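Below is one structure, written out as structure tokens, with a few remarks after it.
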Amino acid sequence: MNALKHITFAAGLTLAPVDAGGAEPSDWQALADERAVIRIADAIDRAVDARDWKRARGYFADRVTVDFSSLSGQPPATIAADDLIGTWSANLKGSKTSLHLRTNHQVAIEPDAAMVSSNGYAWNRMEGNGDPLWEVWGTYEHHLTRSGAGWKVDGFTFRMTHERGNPWVKTTPGQ
């Protein structure tokens, strides 16, 4: 089994792009950490779209520094993760649906901290006031810290680059 792990690891490094935008993981732990933090960033989107607020909350530290200023106009702040999830759940309920996607992950790993940068797209749909769609594109940054409970997001930034559609869908909570 140990030989199979080494062959799989070597194959993964061989098949990886030559320059993926930074230092490549050089050992099993670095590769596992990189995969774990990417998985968490992606899993937050899946949990939000499924309205699984308990699962979404589980990916965050108790306090999180958030910056959605380009989207909301509100300044960055450090808030309780329960408040962040509460805000999302109050907005995405009932007749309002969402789809979040991210790609092109770039990861920087330190011993007990990590940063995942990615491109993102979000789609919201709600009937009731003209065009039922609102879309946004931008970049995400997730800062994570490692603790005894594993990796937890303690910093979350979204920088909007483009939006289109009905702003009413963006600003009106689902019913």
Would you kindly compute the Cα radius of gyration of segment 135-175 and its largest Cα-Cα separation (Dmax), both in Å? 15.1, 44
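Per DSSP H run of n ≥ 4, the term is -39500 (n - 2.57); total these for the chain, divide by its residue number, and report the mean residue ellipticity at 222 nm rounded to 500 deg cm²/dmol.
On the way: 6 runs with 62 residues, N = 175.
Taking each H run of at least 4 residues, the total per residue is -10500 deg cm²/dmol.
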Could you count how many Lys pairs in the chain have their Cα atoms under 16 Å apart, skipping same-chain pairs fewer than 8 positions apart? 4
When the scattering of the chain is computed by the Debye formula from its Cα atoms alone, each counted once and equally, what is log10 I(q)/I(0) at q = 0.12, 0.16 Å⁻¹? -0.62, -0.99
Here the membrane-span-like helices of the chain, with no claim about any membrane, defined by DSSP H, Cα axial extent at least 27 Å and mean Kyte-Doolittle at least -1.0, are 28-49
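None of the figures in this text is laboratory data; all of them are computed from the coordinates on show. These numbers come from a predicted model, not from an experiment.
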